Each structure stands twice: as structure tokens, then as C-alpha cells.
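What follows is calculated from the coordinates using simple rules that are stated; it is not laboratory data. None of these values were measured; they are calculated from a predicted model. As a convention, Cβ positions derive from the backbone with ideal geometry for all residues, glycine included, and neighbour counts pool all protein chains shown.
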Amino acid sequence: MPAKDFLDIDAISAIRLKRLQDQGLRRTLSPTERMADGRVIRAGKPMISFSDNDYLGLSAHPRVIAASIEATRLYGVGSGAARLVTGDNPLNERLEARLAALKGMPAARVFGSGYLANAGAIPALVGAGDLIVMDELCHASMHAGARLSGARIQTYAHNNVASAAEHLRQRDVTSHALLLTETVFSMDGDLAPLDELAVVAQDTGAWMLTDDAHGLGIVTHKNPAPLQLGTLSKSAGAYGGYIAGPANFIELLTSRARTFVYATGLPPGVLAAALASLDVMEAEPALGEKALANARLFGSLIGETNIESAIVPVRYGDADVAMKASASLARQGFLVTAIRPPTVPAGTARLRFTFSARHSEGDVRRLAGLVLETLAEAGIAK
């Protein structure tokens, strides 16, 4: 008979929390008000955030807010149930048509989030006996979808086209193969060599799926992948995920992607907000240009010149050192979250700076000066 303590969920959880605490891996929530004017307020203190993914500032754009309010007044707050149960709100069809056109694809399907899109689409493509070859730094949601598929998984060295090709050439020719990569890597900010990977996929008879969560509205390079996934919660300033691709595959997802079939549809206000965001994004390309310019200015000030996106990581190595640097910046009014293992590999703890069109040049310059001070205090040369 098991001891009573063995069955005590709370006691077991406390032991596991202590273990995480000792390893520096315990996460805690920090109450934070994210205001429409771009400020955040934490513990009563106004701060400037360089940690969120609202790259174009569209979550607070007047047109986006107005569209969300109007749709909520017309349709109510919630969607009621899954789209296959309640019937399909016309905003879904409009948004999917818009996303398909934006990506140059025949069709698109909207999911509850980018995580759900990966977790649903990948198992709909491949299964037991098939092969998935993916970049070692792919987002956790891509790894989750890969594991759910039951396919054999091989990871290739980051952005190493030759490594990806070697894995794909070892596949069983009677099975399917799927090549996975992000377009902009979420923790590193660098770009995948999409054109070269597309050639490898074509030469080896593999499908290719990219996750463009952090590229929309920022990176303008044409994506050659036949399957393109992304989110509406970052540059679009709303919520949700999507995948665009061939029409029959998108229809297959309607029946086979469990994270679509069994998930409640997005609220009408969110759908309308995403549509309005895409309108603003198209009408005001300077927003993306400003976000990228801010990132490149910051990079130049701290000695990083190869900035390809609105994400700039500064590595401190040790998790405790990164946490101390984050706390130091917070005392000066800047919110920059430390990213630690297991989100990033051991020994690569970092501050992940994300830049928005709403950041001022003065704030970027002041932040860069403070970051250089934290690096000097940590004994890290730049």
C-alpha cells in the first residue's frame, strides 16, 4: 500500500517545485498591467517593455480596437463552441481568405493559437513510419506537434542545410518526410536559409513547413515553402494561429486536425481585430521598417551588426547572471525578461530584446547604454 505522502499531490508538487527552485528553473507570474499607450505597470511602477511581441504596436491601434468592439457588439463576446458545431462565423472565412492571399496560397485555416496550429497540422501530415527532420532550435510547439505525430524525429544542426539534407537522404523512400523550420527563430532572431532548405526538400521529395510567427510584417523575403504557419498574436496584435497551403490539405485539417475539430473558435472580436491589423499592416509598411530599424540601432550600439529581425538576444550564459541583468534594467524602468533553460540550451541564458515601432530612438539608446553596463559587470566583453 503506498504511503499517504506518496498520494499527496500537494506534497509531491512542493518537492518538485523545490527541485526546480534549486536548479534555477522555477517560473513565477508577475502581475503586470500592459497599457494601451505602450507602457507597462508593474508593482505600481511605469516601465517600457522590450519583452513583448507586439512588433508593430497594432494591439492598441485605433482601427484595430474599433473593429474588435464593433464585432463584439454585433456577435457577442464568445464564439459559442467549435466551428464545426456552431456553424462558421463569416469573419472566419474573410480572415482565412485574407491570410491565404497574403501568403500567396490557395487556402488557409485559422486555429486557436500558433501552438495549436503546429500541434494539429503536423500530425495531419505525417504519422508512424514517416520522418520529420527539424532544426534543433525549432519552437516547442513544433516539437510538440512532431511528437504527437508518432513519426521518427531527427534534428539537424541549427541552420545547417547540409545536415538537414543528410538526414532527409537517409529516409525510407516508401514513407513521407517533413522538413520543419522557423522563418525567424524566436529566441535568436536569426533567419532560416529558406531558399536553400526548399531546394533540399524538393531534391529529397520532402514536404516543407515553416513557422513564421515572428516574421509577419517585419521580414519581407518571399517564403518558398508550400506549407506556411504563423500567428496572429504578435505583429498582428490580436490572437490565434493559422496555416496556409494547398486547398485539399486545408480541407483535410478540417477533419483531421484535432486541435481544430475539438477547439472552440476564436471570439468574433479577435477575428475582426486580426482583419483590421492586416489592413493596417498593408497600408503602413513603415511600421515594420521602424521596428527593424530600432533593433538594428540597438545592435549597432552594443556591437551586434548582423540584425535580421526585431529580436536581438544578448547572452549572459549563466541563468543567475541573466536574471541579475534583468533586475538591473527593471530598476532603471525597462522590462526585459531573462530567458533560461529549458527554453534555451544550458549555458546560453540571455536577455531577449524585442523591438517595436512604438519604441523611441531615445529609449533604445538609453537601454543600450544600460545593457553595456550589465555586460561589463558580468565580465562579458563586447
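Label reach from Thr86 (point 7 Å along Cα→C-beta): in the stretch 234-251, amide nitrogens under 16 Å belong to 239-241.
Stretching the chain fully between Glu282 and Leu301 yields a gain of 3.8 nm (0.36 nm per residue, less the alpha carbon separation). Computed from backbone phi, the HN-Hα couplings of the stretch 310-318 come to 8, 10, 10, x, 10, 8, 10, x, 7 Hz, rounded to whole numbers (Karplus: 6.51 cos²θ - 1.76 cosθ + 1.60, θ = phi - 60°; Gly and Pro given as x).
With contacts taken as Cα pairs under 8 Å and at least 6 residues apart, the chain reaches a relative contact order of 21 percent.
Computing FRET efficiency as 1/(1 + (r/R0)^6) for Arg26 and Arg73, where r is the C-beta to C-beta distance and R0 is 45 Å, gives about 0.60. Going from the residue with the fewest nearby Cβ atoms within 10 Å to the one with the most, Tyr242, Tyr115, Tyr262 rank Tyr262, Tyr115, Tyr242.
Sequentially through the stretch 280-289, phi angles give Karplus couplings (6.51, -1.76, 1.60; θ = phi - 60°) of 5, 4, 6, 7, 10, x, 5, 4, x, 5 Hz, Gly and Pro residues having no value and appearing as x. With a cut-off of 18 Å, note down the residues of the stretch 346-372 whose backbone N falls inside the zone around a label point 7 Å from the Cα of Ala140 toward its beta carbon. Of the residues in the stretch 346-372, 346-353 have backbone N under 18 Å from the label point off Ala140. Extension gain, Glu166 to Ala327: 0.36 nm times the residue separation minus the Cα-Cα distance gives 53.6 nm. When only alpha carbons of the chain are considered, Rg and Dmax amount to 21.8, 68 Å. FRET efficiency for the pair Ala376 and His221, taken as 1/(1 + (r/R0)^6) with r the Cβ-Cβ distance and R0 = 45 Å, rounds to 0.80.
Couplings 3J(HN,Hα) for the stretch 81-89, derived from phi with the Karplus relation 6.51 cos²θ - 1.76 cosθ + 1.60 (θ = phi - 60°), are 5, 5, 4, 6, 9, 7, x, 9, 4 Hz, where x marks Gly and Pro. In whole angstrom, the stretch 254-359 maps to an equivalent ellipsoid with semi-axes of 32, 22, 13, each derived as √(5λ) from the alpha carbon gyration tensor and ordered largest first.
List the pairs from Lys45/Lys290; Lys103/Lys234; Lys18/Lys234; Lys45/Lys324; Lys222/Lys382; Lys45/Lys234 whose alpha-carbon separation is above 23 Å, in the order I gave them. Over 23 Å Cα-Cα: Lys45/Lys290; Lys18/Lys234; Lys222/Lys382; Lys45/Lys234.
Considering the stretch 79-266, its Cα convex hull presents a mean projected area of 9.7 nm². In units of the rule-of-thumb radius 2.2 N^0.38 Å, the stretch 213-295 shows an alpha carbon radius of gyration of 1.23. Magnitude of the charge dipole for the chain, about its Cα centre and with charges confined to Cβ atoms of Lys, Arg (+1) and Asp, Glu (-1), is about 900 debye.
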